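What follows is a set of notes on a single structure, which appears directly below.
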């Protein structure tokens, strides 16, 4: 059986978490989530090992020295530097269950340099900019200490991270407008199902 590594991508507040969780429910037993790592502080409502594995910079450097980091990104935010990375910790197993993770173009290009490149299937979610900004503000409002400067930073950074030329370089074939969630997840689910089926027969149906 072939193996697929689905990377769910999109600008902030396009519904990546919701789509990912819905796919995990739909394909329970056939798809598992990869939990990435970060050195940023845990946010209100987050849990260790669910959204991320939260580690110190010393722990990250140790993993790096051990050659266990597949790709790593550093973001210079208002309060300092935050690192995000994907680890070779057994979660990605080309001989096992299909996997899915929320990613960015940097993650995509980083993982394309690894032995898992042939398994990668990028999925891109889109939402109107005004709706994204409203969602981001509402989400940040729930934090104990809202950081609206960070909301603005992420919003502006998205314009560069997901510029048209970058999407073209990634050759993303699976693109979905997440305006009405039920319709979006139906279409995404059908596409993921086709990719899984194709993997069993050694081809691609995207």
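No lab work stands behind these numbers, since they all come straight from the coordinates. Quantities reported herein were computed from a predicted structural model and do not represent experimental measurements. In this analysis, Cβ positions are derived from the backbone assuming ideal geometry, glycine residues included, and neighbour counts consider all displayed protein chains.
Taking every alpha-carbon pair in the chain and binning the separations at 10 Å intervals from zero gives 8, 33, 39, 18, 2, 0 percent. Out of every Cα-Cα pair that segment 7-53 contains, those further apart than 16 angstrom amount to 49 percent.
Between 80, 29, 90, the Gaussian network model of the chain with springs among Cα atoms under 10 angstrom shows the greatest mean-square fluctuation at 80. Here the contact order of segment 90-206, divided by its residue count and restricted to Cα pairs under 8 Å and six or more residues apart, works out to 29 percent. When 162, 181, 176 are arranged by Cβ crowding within 10 Å, least crowded first, meaning fewest neighbours, the order is 181, 162, 176. If we count other beta carbons within 10 Å of each Cβ, what is the order of 184, 152, fewest first? Ranking 184, 152 by Cβ neighbours within 10 Å, fewest first, gives 152, 184. Each 5 Å bin from 0 upward holds the following percent of the Cα-Cα pairs of segment 26-127: 2, 11, 21, 24, 21, 14, 6, 2, 0.
Measuring nothing but how far apart in sequence close Cα pairs (under 8 Å, 6+ apart) lie, relative to its length, the chain scores a relative contact order of 32 percent.
Within segment 143-187, the percentage of alpha carbon pairs spaced more than 15 angstrom apart rounds to 65%. Rg/Rh for segment 35-90 (Cα atoms only, Rh after Kirkwood) is 0.96.
Working from Cα pairs under 8 Å separated by at least six residues, relative contact order for segment 49-154 is 20 percent.
Kirkwood analysis of the Cα pair distances in segment 89-152 returns a hydrodynamic radius of 14.8 Å. Computed from the C-beta positions of residue 138 and residue 183 and an R0 of 30 Å, the FRET efficiency is 0.85 to the nearest 0.05.
Footprinting exposure proxy ranking of 11, 142, fewest other C-beta atoms within 10 angstrom first, gives 142, 11.
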